[in-house]
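Structure first, then comments.
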Amino acid sequence: MARRASRFPLRARIAWHALTRSAGRRPPVEDMRRVLIAHNLLLGDTLMLTGLLARLKDRYPHARLVMTCPPAFLPLYEGRPYGVVTVPFDPRDRHSLDRLRALGPFDLAIVPAQSRHGWLARAAGACWVRGYAGGAWYYRASLDEAISPPDRLTTLPDMMAALAGSNRADGERFDPKDWPAPGPGRFVSPEIPYAVLHLGAGSPLKYWPATHWREVAVALTRQGLHVILSAGPGQEALAHAVDPEGQFQNLAGRLDLRDMWHLLTAARLLVSVDTGIAHLARVTRTPSVVLFGPGQAALYGPIEFYAAAPYRAVTRADIPCRDETVLFERSRPWIRTCVRSPEDCAFAARCSTGILQENVLGAIAAVLAKKQP
């Protein structure tokens, strides 16, 4: 097996450029020329930056927005939503910093998650770095402006958007025209009404029992919807467990993000566990029902910015082990989540497996009853 590349070469280069950069620290001005959003987030968290992009574009309409992005997500951004230029960033690729520096220097850099990426922003030539206070001191030292996290429950997309430094505009809504669809992929949507059941997630603790999924699939079929099963690469067994006889269309492990965009755009409904695909459905304005097990449903919505996309969260409130209060290395008493590994879970993932089918079917009925825009 080939050894994975080390993170050390890029970290060393970031440290060198961050400590020797020529640009001096200076507060941002209204006549902003270049703004950087520096992160290395997972898919769902990356898509939750959409409100931040919209607010930055509204506040600095003539500024060039640049955002680091894991290479696998680039197809979603090829239409340059809100004018953003995405730069592939891989912590094991020592050339990642070169690509970013070629687009700088930056008048302002925003670090929406871990403050460690403030050093990346400095190395890219940022004159002013803004992020949330908290985390280890040697990461916090990279910030020029450390904003206190909210002291009451706030959705994560709203928290990220607040880093634009302006209040939410009245009537601020996501407009599909601001996010051009990626080019066509390999997948061709069925020409009949269909629903997508996305079974996979990054943690097995989020999985819902196959028997429950099968009951939902049968119920949707009775309502006249063609059912498509979906999951990520390596998760094909989840779909086989739901449908061993091949009754439903199975696309598990076969679609990349470009294909998923087009699959969701034409879907009548998405039912998904708490994962990045659920956040993609908000951008494609797909009516969705999302099952939250370890995660805190209130952190993700409902969100006024996405009010046009019918949405319901289904979760269990009676889960005492959903008791961890840390998000992106910052603790807040209103955070109630769980990031334990399967080995550390002493309750057989009851937060997910205990979600009732009738509650999911009720949420589906409520979402389908709403007229799509």
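The values are calculated or read from the model by the stated rules, or taken from the named source; none is laboratory data. As the structure is a computational prediction, the values presented were derived from the model and not from experiment. Here Cβ is always computed from backbone atoms with ideal geometry, including for glycine, and neighbour counts include all displayed protein chains. Side chains are part of the model used for accessible areas, which takes the heavy atoms of the whole protein and leaves out ligands, DNA and RNA. Shrake-Rupley method; radii C 1.70, N 1.55, O 1.52, S 1.80 Å.
Scanning segment 44-82 for residues that are aliphatic (A, V, I, L, M) and in contact with a His (Cβ under 7 Å, 6 or more places away or on another chain) returns Leu47, Met48. When the helices (runs of 4 or more DSSP H) confined to segment 254-373 are screened for residues that are closer than 30 Å to His117 by Cβ and hydrophobic (A, V, I, L, M, F, W, C), those reaching at least 3 such residues are found at 257-265, 276-283. Selection of first residues in segment 1-14 that are surrounded by 13 or more Cβ atoms within 10 Å (Cβ to Cβ) and of second residues that are at pLDDT 90 or above and small (Gly, Ala, Ser), restricted to Cβ pairs under 7 Å at least 6 apart or on distinct chains, gives the following pairs, ordered by first then second residue: Leu10/Ser96; Ile14/Ala123.
Which one of Val196, Val216 is assigned to a helix (DSSP H, G or I) and surrounded by 14 or more Cβ atoms within 10 Å (Cβ to Cβ)?
Val216
Would you check if Ala63 is touching a helix residue (DSSP H, G or I) at 6+ places or on another chain (Cβ under 9 Å), at pLDDT 95 or above and over 24 Å from Gly301 (Cα atoms)? So Ala63 passes the test. Restricting attention to segment 71-114, the residues that are assigned to a strand (DSSP E or B) and free of Cβ contacts under 8 Å to residues at least 60 places away in the same chain add up to 4.
For segment 118-153, the tally of residues that are assigned to a loop (DSSP other than H, G, I, E, B) and at negative phi stands at 15.
Among the residues of segment 92-115, those that are of a type outside the set (Asp, Glu) and open to solvent by 10 Å² or more (accessible area, probe 1.4 Å) comprise Arg92, Arg94, His95, Arg99, Arg101, Ala102, Leu103, Gly104, Pro105, Gln114.
For (1) closer than 22 Å to Leu156 by Cβ; (2) surrounded by 15 or more Cβ atoms within 10 Å (Cβ to Cβ); (3) in contact with a Gly (Cβ under 8 Å, 6 or more places away or on another chain), each residue gets a yes or a no:
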residue: Val326; (1), (2), (3): yes, no, no
residue: Arg336; (1), (2), (3): yes, yes, no
residue: Phe347; (1), (2), (3): no, no, no
residue: Leu361; (1), (2), (3): no, yes, no
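Of the listed requirements (1) surrounded by fewer than 20 Cβ atoms within 10 Å (Cβ to Cβ); (2) at pLDDT 95 or above, Ala161 misses just one: (1). All of (1) in contact with a helix residue (DSSP H, G or I) (Cβ under 6 Å, 6 or more places away or on another chain); (2) crowded, with 24+ Cβ neighbours inside 10 Å hold for Ala201 with one exception: (1).
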